[in-house]
Amino acid sequence: MSRTQTIAVAGNPNCGKTTIFNSLTGTHQHVGNWPGVTVERKEGRYVYHEQTFKVIDLPGTYSLSTYSVEELVARDFIIKDVPDIIINVVDASNLDRNLFLTTQLIEIGRPMVIALNMMDMAQEKGLQIDTETLGVLLGAPVVPVVGRTGLGIDLLKEKIHRVQTQVSEKARHINIVYHRDIEAQIERISHVLEQGAITLPNARWVAVKLLEKDDHIWEYLVDFTEKESLKIVTAEAIDQIEKIFNDTSRSAISHARYGFVRGATQECVKTTLAEPVDYSRKIDKFLTHRLLGLPIFAFFLWVMFTVTFNVGAYPMDWIDSAVSWMINLLHTILPESMVASLIVDGMISGVGAIAVFLPNIFILFFIIALLEDSGYMARMAFIMDRVMHSLGLHGKAFIPLVMGFGCNVPAIMGTRILESRRDRILTTLINPFMSCSARLPVYILVAGAFFPTHAGTVIFAMYVTGVVAAILSGKLFSKTVLRGMSKPFVLELPPYQKPKFSSLLWHTWERGQVFIRKMGTVILVGSIIVWAFGYFPREVTLSQDYDGQTQKLKTQLTVRQHSIDEAFDASVEMQKQQYYSVLVPFESSKHFKELVGQRDSLLHETQINFQDAVASIGYARQADVMSQKWIGKLGKIIEPIVAPLGFTWREGVALITGFVAKEIVVSTYGVLFGVGADVDAENTGIIASLQQGGMTPLISIGFLVFVLLYTPCLATMAAIRRETGSWGWTTFSVVYSLLLAWLLAFGIYRIGSWLEWLT
Amino acid sequence: MFGRFQNKTRSIPRHQLENAGLRLSDLQPGQKARILEIGGSEMFRIRLMEMGLLIGDVVEMEKLAPLRDPMELIVKGYHLSLRRMDAEKIAIETVAADE
C-alpha cells in the first residue's frame, strides 16, 4: 500500500460540493478551522482499492483571486500543500459560470477529476452534456454525479483511482490559450521567471497571476532572486496589454477565460427545451413577492424564534434539573472540602449554567441548516438587504441579530452564515446589545420595584435602547475600525432544493459540537476563576455572632411554645370547670375544639416566624461572608468607579457576578441584601431592600441600562473569541461595551439629577 | 488587529462609464437588456465577472425586492441579486423580450 493521497475538493458555493464530500468520506470526517482564519476546514478519509485518500473540503468560491479569505485559503492550500488530486465539483445546470473556476484550477496544473453534479437538474432544464468531449477539452475526466442520491460516486472514486495510478488517458495538462497579445506577455514574464531560482511548479501560472495584478503572488516568490527585474517587466507587460485592450489586464484575462469556457460549452452542451421549467422562479413568485414577501419572511422568523426558544425551553429545563440534581447529590456524598467545592460549585455549576443553552443552540443550527440547504437563506438576505445595508451590513446579518433577542451565544455562532469576515466581526460586535432573555429577570425585578405601574414601558424601552445602541455602534464601527472591506453585494439566489434530513443533522452536529468542545474549555476556566473569587479567603471573621443569634432564637422559640402550651392548659382547666353537659364529654365539645384550634394556629405562626428569622440571619451571614470574600473586596475596590453612576459596592458585586450569566445579577442582589438568592418580582423583601439601599428610580434606570449594555456574559465572550478568532476583538468588545454602559448610565444619572427627575 | 481591514482600502482604480445611455438600474421587471459596459471599482468588475455577468451578456430583470432594493436578475439561466446603486454602474441597451 502506498502513502496516503491527498485530495482537495474545490467548487462554487451552492454547487453541492459538501454533499459530494460527505458521500465520499461518510462519517470519517473532522471539522476545524483553517489556521488563522475562521473559515471552516473539513477533512475526511476513505479507502479505495487498499489506497487511503485524505479529502480536504476547500471553501466554496467563484474564483481563485484573493478578494476573500475563502479564496485565499483555497488557493494557498492548492499551491502550498500541493494536493495529489483535485476534485472540481461543477454544477451541471450552470456550466458556464462554474467552469470559470475550473479554468483557474487547470492553470495551476494539478491532476484533476471533474464531478459534474446536479445532472438531474440539468436534465430538467433540458441540457444534454457530452461529458466525454468535455473531459478531453478540459484535460480531466468528467464524471456525472447526483450528490443528493449518491449516484455516480463509485465511478468518481474509480476515476480518482485511475488518475492517481496514472492509467487515465484523459488527465493531461492543457493550457488555457489567451489572445496572442497576452500570450506574448506571458512568454516574456515566464522568461524572467526561468532566470531566477523558482520553487513553484508552474511558471506559466505565476506569469498569468502577475499579469492579473495579484499582490499575494509575491508571497510565493520570497526566494525568487530576480525580483527587481520581474517587477519592471511585469509593469511593462500590464501596460502593453491595457493599451491594446483598452481595459485592465485583469479584466482582459478573465474575458479570455470565459472565451475558453464558451468554446467548450458550445461544443458539448445541447439545449433540448426551448423554455426550460424554472421551479424556483415560480416559488419565488410567492416567497419574494412584492407584498407577500415581507409577511412571509416575518412569519418564518417568528417560527424560527419560537421553535428555538420555546421548544428549546423543555430540554433546557431537563438539563437544568439534571444539573441541580447532580449538584445536590454531590453535596451530600462528597465530604466538605475545597476540592469538593471546586468541582461542585465551580466547575459543575459553571458549566451546567452554560450547558442549558445547548438545546437552543442545536435547534437554531438545525433551522439555519434547513434555511441554507433549502435555498431560502439567500432570499432572506435578498429581502432584508435594504435594511441591513444602511448599517453597512449584508442582508443575511439580520438573522443573527434577531436571534440575539433569545440568546447571544447561538446568535453569534450564527454569524457564520455571513461570507465576509468583516461582516461577521461587525455583526458579532453589535450582537450583545440585542437584549437577550437572560436580562429580562433583572428588568422585571428592578422595573417592577421602581415603576410598578409602568414596568412594561420601562422594559420595552430597554429593548429599544439596545437596538439603537446596536445600530449606532454598527454605523460607528463601519466608519472607523471596520472601514473599507465592505464587498459589493452580488448574491446568487440558488435554486430551491429539498433538503436531505441526514445532511441537516450532520450540519447541525458539525457546528454544535464546536460549541461543546471549544466553549467548554473557556467556560470551565472562567467558572473556576469566578468560583475562586467567591471562595477565598476561606476563613472570614464574621462581624456578628450569627450562630449565637440563631441559638437565642431557638431558646426563644422553646420558651414561646412552652408558654402557649401552658396558656392552653390553663384555659382548658377553666372551661372544664364551667362545663355542665353530661351527654357529651368535654374533650369532644365545641369549646375544646376551638381551644385546640387556637393553640395550633399560634404554634404554627410561631414556627413560621422562627423560620423566617433564622433564614434572614442566614442571609445576613451570607452577605457578611460575601463582603469579605475576594468578590466583595473587588466590589469595594470598584466602588469608586461605579459611584459616579449612583451605584454602591452591592451593585458593583452584582454586576461582576452578572458576567457569568446576566440573570445572576438578581440572585446576587438577593444574597447581598440578605433576602436570599431565590428572588423574583413577587419577593417584596428585595424590592424594599433595593429602595432602602439608596437606589432611586433614576439610579435604577441607569442600572438597567448598564445591565443591558455592559460586558457580554462569559458564554457570549467565549463565542466572540471563537467566532472572531482573536482575543484582540474580544477585548475590544468587552471594553467598548463597558465604556458605553458606563457613559450612558453616567449621563442618565447626572442629567437626571440635574433636572431633578425621578429622584 | 485592525490593520487587516485597512490595507484593503488602498486606492482601487475606478472605471468611469463612457456610455451615457441606459443603466441596468433603469430596467423594469420583465425587460431584457444587453450589458455594454461595467464601471465601478476593479473589485466590483471582477466580482461580477466571476459571477458570470460579462459585457455582451443578455440579462433579464426579474423583480425588485419587497423593499425596492436590491434587484433580481436572470443571467445565464440563474438568478443573481444586485443592489441598485451597483446596477447604476452598468451600462446597457434594451433588447426585445424574445431574444
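Each reported figure results from applying straightforward, stated rules to the coordinates on display, with no laboratory input. Because the structure is predicted, anything quoted here is derived from the model rather than measured. We place every Cβ from the backbone using ideal geometry, glycine too, and count neighbours over all the protein chains shown.
Provide the percentage of antiparallel DSSP beta bridges, counting only those with both residues in the range B:22-95; round to the nearest 5. Present the calculation step by step, with values, prior to reporting the outcome.
Details: 20 of 20 bridges.
Around 100 percent of the beta bridges assigned by DSSP in the range B:22-95 are antiparallel ones.
What spacing in nm lies between the two simple spin-label points modelled at A:LYS633 and A:THR521, each 7 Å away from Cα in the Cβ direction?
According to this spin-label approximation, the distance is 3.1 nm.
Which ³J(HN,Hα) values in Hz, rounded to whole numbers, follow from the phi angles of the range A:131-138 under the Karplus curve 6.51 cos²θ - 1.76 cosθ + 1.60, where θ = phi - 60° and Gly and Pro get x?
5, 4, 5, 4, x, 5, 5, 8
Over the range A:5-164, what relative contact order in percent results from Cα pairs under 8 Å that are six or more residues apart? Intermediate values should be presented prior to the final figure.
On the way: 305 pairs, mean separation 38.0, N = 160.
Relative contact order, the range A:5-164: 24 percent.
Please give the contour-minus-distance gain from A:ALA643 to A:MET338: 0.36 nm per residue of separation, less the Cα-Cα distance, rounded to one decimal in nm. Please list the in-between numbers first.
Working: separation 305, 0.36 × 305 = 109.80 nm, distance 3.44 nm.
Once the chain is fully extended between A:ALA643 and A:MET338, it gains 106.4 nm.
Taking Cα pairs under 8 Å and at least six residues apart, what relative contact order does chain A come out at, in percent?
So the answer I get is 10 percent.
Output the 0 to 90 degree angle, nearest 10, between the alpha-carbon long axis of helix A:630-642 and the longest principal axis computed from the alpha carbons of chain A.
Approximately 80 degrees, to the nearest ten.
Cross-link partners among aspartates and glutamates for A:LYS498, C-alpha distance below 18 Å, same-chain residues fewer than 8 apart left out?
Straight-line reach from A:LYS498, under 18 Å: A:ASP91, A:ASP120, A:GLU124, A:ASP278, A:ASP284, A:GLU372, A:ASP373.
What FRET efficiency comes out for the pair A:ILE529/A:ASP320, r = Cβ-Cβ distance, R0 = 22 Å, nearest 0.05?
On the way: r = 23 Å, r/R0 = 1.04.
The value I calculate is 0.45.
When a/c is below 1.5 the answer is rounded, else prolate if a/b is larger than b/c, else oblate, so apply that to the range A:509-630 with a ≥ b ≥ c taken from the square roots of the Cα gyration tensor eigenvalues. Don't skip to the answer; put the middle values down first.
Numbers: a/c = 8.69, a/b = 2.47, b/c = 3.52.
Note, shape of the range A:509-630 comes out oblate.
Enumerate the calculated ³J(HN,Hα) couplings along the range A:349-360 in order (Karplus 6.51 cos²θ - 1.76 cosθ + 1.60, θ = phi - 60°), each rounded to whole Hz, writing x wherever the residue is Gly or Pro.
5, x, 5, x, 4, 8, 4, 5, 7, 3, x, 3
Which order do A:GLU228, A:GLU70 fall in if you start with the one that has the fewest other Cβ atoms within 10 Å? Mind showing how you got there, number by number?
Numbers: A:GLU228 8, A:GLU70 21.
Sorted ascending by nearby Cβ count, the order is A:GLU228, A:GLU70.
Of A:GLY652, A:VAL307, A:TYR62, which is farthest on the positive side of the dipole of chain A, counting Cα position, with +1 on Lys and Arg Cβ, -1 on Asp and Glu Cβ, and the Cα centre as origin?
A:TYR62
Given H placed 1.01 Å from N in the peptide plane, which residues other than close sequence neighbours of A:GLU492 have an amide H under 5 Å from its amide H?
Residues meeting the criterion, in which the H sits 1.01 Å from N, are B:SER81.
Would you mind pulling out the separation of the Cα centroids of the range A:200-272 and the range A:496-572, in Å?
Cα centroid of the range A:200-272 versus Cα centroid of the range A:496-572: 66 Å apart.
For B:ASP69, B:ASP26, what's the fewest-to-most ordering of other Cβ within 10 Å of each Cβ?
On the way: B:ASP69 20, B:ASP26 15.
Ranked by crowding around the Cβ, least crowded first: B:ASP26, B:ASP69.
Got a sec to turn the phi values of the range A:609-625 into Karplus ³J(HN,Hα) couplings, 6.51 cos²θ - 1.76 cosθ + 1.60 with θ = phi - 60°, whole Hz, x for Gly and Pro?
Those phi angles translate into 4, 5, 4, 4, 5, 5, 4, 5, 5, x, 5, 4, 4, 4, 5, 4, 4 Hz.
So which chymotrypsin sites (Phe, Trp or Tyr not before Pro) in the range A:562-631 pass both tests, a DSSP loop state and at most 16 other Cβ atoms within 10 Å of the Cβ? Kindly include the intermediate steps, with their values, before the conclusion.
Working: sites: A:PHE568, A:TYR579, A:TYR580, A:PHE586, A:PHE592, A:PHE610, A:TYR619, A:TRP630; in loops: A:TYR579, A:TYR580.
Answer by residue number: A:TYR579, A:TYR580.
Just tell me which aspartates and glutamates come within less than 14 Å, Cα to Cα, of A:LYS243; anything on the same chain fewer than 8 places away is out.
Straight-line reach from A:LYS243, under 14 Å: A:ASP181.
With 10 angstrom as the radius, rank A:GLU194, A:GLU651 by how many other C-beta atoms surround their C-beta, starting from the fewest.
Values: A:GLU194 11, A:GLU651 28.
Arranged by neighbour count, lowest to highest, A:GLU194, A:GLU651 become A:GLU194, A:GLU651.
Quick one: helix A:153-164 against the long Cα principal axis of chain A, what's the angle to the nearest 10°, folded into 0 to 90?
Between the helix axis and the principal axis of chain A, the angle is about 60 degrees.
Which one of A:GLY747, A:VAL446, A:ILE367 is farthest out on the positive end of the charge dipole of the protein assembly as shown, using unit charges on Cβ (Lys, Arg +1; Asp, Glu -1) and the Cα centre as origin?
So the residue furthest toward the plus end is A:GLY747.
Determine the alpha carbon to alpha carbon distance for each of A:LYS396/A:LYS500; A:LYS475/B:LYS63; A:LYS17/A:LYS475; A:LYS636/A:LYS662; A:LYS17/A:LYS125; A:LYS500/A:LYS662 and list only those over 27 Å.
Values: A:LYS396/A:LYS500 23 Å; A:LYS475/B:LYS63 29 Å; A:LYS17/A:LYS475 36 Å; A:LYS636/A:LYS662 20 Å; A:LYS17/A:LYS125 20 Å; A:LYS500/A:LYS662 38 Å.
Result: A:LYS475/B:LYS63; A:LYS17/A:LYS475; A:LYS500/A:LYS662 exceed 27 Å.
Set Lys and Arg Cβ to +1 and Asp and Glu Cβ to -1, take the dipole of chain A about its Cα centre, and tell me which of A:PRO697, A:ASN202, A:THR165 lies farthest positive.
A:ASN202
I need the calculated FRET efficiency for the pair A:TYR48 and A:LYS500, taking r as the beta carbon distance and R₀ as 22 Å, to the nearest 0.05. Each step should come with its number before you reach the end.
On the way: r = 23 Å, r/R0 = 1.07.
It comes out at approximately 0.40.
Can you give the angle from 0 to 90° between the axis of helix A:180-195 and the longest principal axis of chain A, with both taken from C-alpha atoms, to the nearest 10?
Here the helix axis deviates by roughly 80 degrees.
Roughly what would the spin-label model give for A:TYR580 and A:ILE174, points 7 Å off Cα along C-beta, in nm?
12.7
Say each of A:GLU756 and B:GLN16 gets a label point 7 Å from the Cα, pointing the same way as Cα to Cβ; how far apart are those two points in nm?
Rounded to a tenth, the inter-label distance reads 6.4 nm.
Could you calculate the contour length gain from A:ASN310 to A:THR272, that is, 0.36 nm times the residue separation minus the distance between their Cα atoms, to one decimal place in nm? Walk me through the numbers on the way to the answer.
Working: separation 38, 0.36 × 38 = 13.68 nm, distance 5.02 nm.
So the chain would gain 8.7 nm between A:ASN310 and A:THR272.
Under a 5 Å amide H to amide H cut-off, with H placed in plane at 1.01 Å, what residues pair with A:LEU151 once short-range neighbours are removed?
HN-HN under 5 Å from A:LEU151: A:VAL146.
Where nothing but the Cβ of Lys and Arg (+1) and of Asp and Glu (-1) is charged, how large is the charge dipole of the protein assembly as shown around its Cα centre, in debye to the nearest 20?
Details: 82 positive and 85 negative charges, 170 e Å.
Using Cβ point charges on Lys, Arg, Asp and Glu, the protein assembly as shown gives about 820 debye.
Could you give the size of the charge dipole of the range A:345-419 about its Cα centre, using +1 on the Cβ of each K and R and -1 on the Cβ of each D and E, expressed in debye and rounded to the nearest 20? Intermediate results must be reported in sequence, preceding the final value.
Values: 4 positive and 5 negative charges, 41 e Å.
Dipole of the range A:345-419, to the nearest 20 debye: 200 debye.
Enumerate the amide H contacts of B:LYS63 below 5 Å, restricted to partners 5 or more residues apart or on another chain; note that Pro and chain-start residues carry no placed amide H.
Counting only residues 5 or more places away or on other chains, the set is B:GLU72.
Where both partners of a DSSP beta bridge lie in the protein assembly as shown, what percent of those bridges are antiparallel, to the nearest 5?
Working: 42 of 61 bridges.
Rounded to the nearest five, the antiparallel share is 70 percent.
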